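Following: one structure in structure tokens, then a few remarks.
The values are calculated or read from the model by the stated rules, or taken from the named source; none is laboratory data. Remember, it's a predicted structure, so these values are computed and weren't measured experimentally. Virtual Cβ from ideal backbone geometry, glycine too; neighbours counted across all protein chains shown.
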Amino acid sequence: MGSKRGLFLSALARSIESGAAPCPMCGKDNLRLRYVADPVSRVGYLDAWCDDCFRGVHVSRVSVPDGVRFTPFGECEEGDVPNYTTVN
């Protein structure tokens, strides 16, 4: 995964597993994520971004891991996720 998106997804996986990982774009420890999913199936999407450089990724179909909080479809508020630049 040599692309910027691939690097970001790798950092995201490390963050989910260990609770923290530095942003692959700026190196700061400020990755944030938000799952939005169906409350029954726990399948939805994920937005992940860095609160320092405001770069991130959108993953269109994910299963929310057990024990991880998520926002049910229809309950998103404008401004919950900053206007980040999507990395490719």
Inset, instruction - Please determine, by comparing only the residues of region 10-30 that are touching a Lys or Arg at 6+ places or on another chain (Cβ under 9 Å) and at pLDDT 90 or above, which one is surrounded by the most Cβ atoms within 10 Å (Cβ to Cβ). - result: Cys23
Inset, instruction - Select from region 10-28 the residues that are of a type in the set (D, E, K, R) and part of a loop (DSSP other than H, G, I, E, B) and list them in ascending order. - result: Lys28
Legend entry - All positions within region 50-88 that are of a type in the set (S, T, N, Q), exposed (fewer than 14 other Cβ atoms within 10 Å of the Cβ) and modelled with pLDDT of 95 or more: Ser63, Thr85, Thr86
Legend entry - Residues of region 67-79 that turn out to be in a loop (DSSP other than H, G, I, E, B) and either within 24 Å of Ser18 (Cβ to Cβ) or among the aliphatic types (A, V, I, L, M) (or both), as a count: 4
Inset, instruction - Could you tell me whether region 2-9 includes any residue that is out of contact with any Ser or Thr (no Cβ under 7 Å at 6 or more places or on another chain), part of a loop (DSSP other than H, G, I, E, B) and surrounded by 12 or more Cβ atoms within 10 Å (Cβ to Cβ)? - result: no
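I'd like the residue in region 43-66 that is assigned to a loop (DSSP other than H, G, I, E, B) and in contact with a strand residue (DSSP E or B) (Cβ under 8 Å, 6 or more places away or on another chain) and, out of all such residues, is farthest from Gly2 (Cα to Cα).
Of everything passing the filter in region 43-66, Val64 is farthest from Gly2 (Cα to Cα).
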Legend entry - Residue pairs meeting the criteria (Cβ under 6 Å; at least 6 apart or on separate chains; first in contact (Cβ under 8 Å) with a residue 60 or more places away in the chain, in region 15-28; second among the hydrophobic types (A, V, I, L, M, F, W, C)): Met25/Cys53
Legend entry - Cβ-Cβ under 7 Å pairs, at least 6 apart or on other chains, region 31-42 side assigned to a loop (DSSP other than H, G, I, E, B), far side modelled with pLDDT of 95 or more and surrounded by fewer than 16 Cβ atoms within 10 Å (Cβ to Cβ): Asp38/Phe73; Pro39/Pro72; Arg42/Ser63
